[in-house]
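Asker: Below is the structure I would like to discuss, written out as structure tokens.
The values are calculated or read from the model by the stated rules, or taken from the named source; none is laboratory data. Model, not experiment: these values are computed from the prediction. Don't worry about glycine lacking a Cβ; one is built from the backbone with ideal geometry, like all the others, and counts go over all protein chains shown.
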């Protein structure tokens, strides 16, 4: 890279949010045709730094140089006009629009009369997806596809914008292993074409596979920049955390031994549950105080199954019983009243980002907390107790959830169900898009719930998460249960093979 000049440079960048120092004297540069990864814990400053580059944060100290010239971006549109595009972790797609409309959102091709040229838009959207190695019906509404496809469409939209610099914030967090491999190959081909990529990810294997250089941030400061070749995952982790942690070895274990059948009583039974084109004849039981993991690739039906158990989706046949009592179909309120909690896989869909923490927590319990008259004081008091219990940082109930890191947002999503502790806790993708430290904190909350006698159902497409926390593991593939691991040694490769 020494013979080239950087396409942009950031020098001595500092940024404060009130009394919080988010960045302190950070330098960063990017060369043409380079993949430069940025890693660090949640709250380390990665997203803040990238939002400065993408024109989202315009007030900061320090200098930015674009192709050798000083520049001060005024907005995301200004950044895009210069050739800088960012794919945010929380997607900005519009599920009610078609796939094609999402890919060309805000820049639809038009006819000579100024009308939208639909045939051309459908054709070019199809070509854009095929160039990424994917084939979709671009005339279908995006909401008909799972979350992983939403991520792909967001990526396709950014790649077709003509940007010279692509900032990817956790781009594979909702993708299957096969889709992830395709994306990493795509990133490499983008770099070979001369465009540059900034790659932010908590999946360190991906970072080491795709990056040319890696910058490590910790507590708002740059602690290292290194060539990806020659470094190790363990070295990266020690730099990210500033210390060695024993739980890392557990969280990324090559294998785990799940327990044999325990004598605890059954709290939740799922019998012959079927929903057309989603899942078929699914049966299992969850014991009191057990953590049961359901692993599957994106599109396997496990996320849809979780929604059906909670009552968000009305299944075709089968039954769900809680403590021997049959749950009514399609009624989340009945599920909540009987003692089932559910955290959806997308934090953006499950939380109100512009609302304060305390309102997010009190929402499912307004009737119990307030009675006939709304009582903000009781809402706030209840929120203070549970956010302290799970370790939300900062533990300010008035802070907007959207201003928290991903790990702390997930803690809020969990805390809302601890105001009135449930009998069964269902959580989809509990650690998606988090650093290793935040992941362990969230998983430890789930372990403590199980110790208190709560039956915990963890649904995930991340094998590391399933292996880290589960006492009993089921695998789903194409809507069916295909494996049941109990009392045996289980490896990541075994899960991927069955899925």
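Asker: Would it be correct to say that residue 226 is over 22 Å from the mean Cα position of the chain (by Cα) and either at pLDDT 85 or above or surrounded by 15 or more Cβ atoms within 10 Å (Cβ to Cβ) (or both)? Can you show your working first?
Answerer: Values: over 22 Å from the mean Cα position of the chain (by Cα): yes; either at pLDDT 85 or above or surrounded by 15 or more Cβ atoms within 10 Å (Cβ to Cβ) (or both): yes.
Here the answer is yes, as residue 226 does meet what is asked.
Asker: Take the residues in the range 114-158 that are under 17 Å from residue 168 (Cβ atoms) and in contact with a strand residue (DSSP E or B) (Cβ under 8 Å, 6 or more places away or on another chain), then tell me which one is surrounded by the fewest Cβ atoms within 10 Å (Cβ to Cβ).
Answerer: Among residues in the range 114-158 that are under 17 Å from residue 168 (Cβ atoms) and in contact with a strand residue (DSSP E or B) (Cβ under 8 Å, 6 or more places away or on another chain), the one surrounded by the fewest Cβ atoms within 10 Å (Cβ to Cβ) is 158.
Asker: Within the range 351-362, is there a residue that is surrounded by 15 or more Cβ atoms within 10 Å (Cβ to Cβ) and more than 21 Å from residue 385 (Cβ to Cβ)?
Answerer: no
Asker: Mind listing whichever residues of the range 99-136 are closer than 20 Å to residue 178 by Cβ, modelled with pLDDT of 85 or more and within 24 Å of the chain's Cα centre (by Cα)?
Answerer: Listed by number, the residues that qualify are 99, 129, 136.
Asker: Pull out all pairs, ordered by first then second residue, where Cβ-Cβ is under 8 Å, the residues are six or more apart or on different chains, the first lies in the range 458-483 and is not assigned by TED's automatic domain parsing to the domain that holds residue 443, and the second is modelled with pLDDT of 90 or more.
Answerer: none
Asker: Out of (1) modelled with pLDDT of 85 or more; (2) farther than 22 Å from residue 33 by Cβ; (3) outside the structural domain of residue 485 (by TED's automatic domain parsing), the odd one out for residue 214 is which?
Answerer: (2)
Asker: State all residues of the range 314-328 that are surrounded by 17 or more Cβ atoms within 10 Å (Cβ to Cβ) and either part of a loop (DSSP other than H, G, I, E, B) or not assigned by TED's automatic domain parsing to the domain that holds residue 364 (or both); if no residue qualifies, say none.
Answerer: Within the range 314-328, 315, 327 qualify.
Asker: In the range 437-483, which residues are part of a strand (DSSP E or B) and within 17 Å of residue 202 (Cα to Cα)?
Answerer: In the first step, residues of the range 437-483 are kept if they are part of a strand (DSSP E or B); the result is 455-460, 472-477, 480-483.
Of everything in the range 437-483, just one residue is part of a strand (DSSP E or B) and within 17 Å of residue 202 (Cα to Cα), namely 460.
Asker: Tell me which residues, restricted to the range 383-396, are assigned to a helix (DSSP H, G or I) and out of contact with any helix residue (DSSP H, G or I) (no Cβ under 6 Å at 6 or more places or on another chain). Before the answer, list the steps.
Answerer: Filtering the range 383-396 down to residues assigned to a helix (DSSP H, G or I) leaves 383-390.
Of everything in the range 383-396, those that are assigned to a helix (DSSP H, G or I) and out of contact with any helix residue (DSSP H, G or I) (no Cβ under 6 Å at 6 or more places or on another chain) turn out to be 384, 385, 388, 389.
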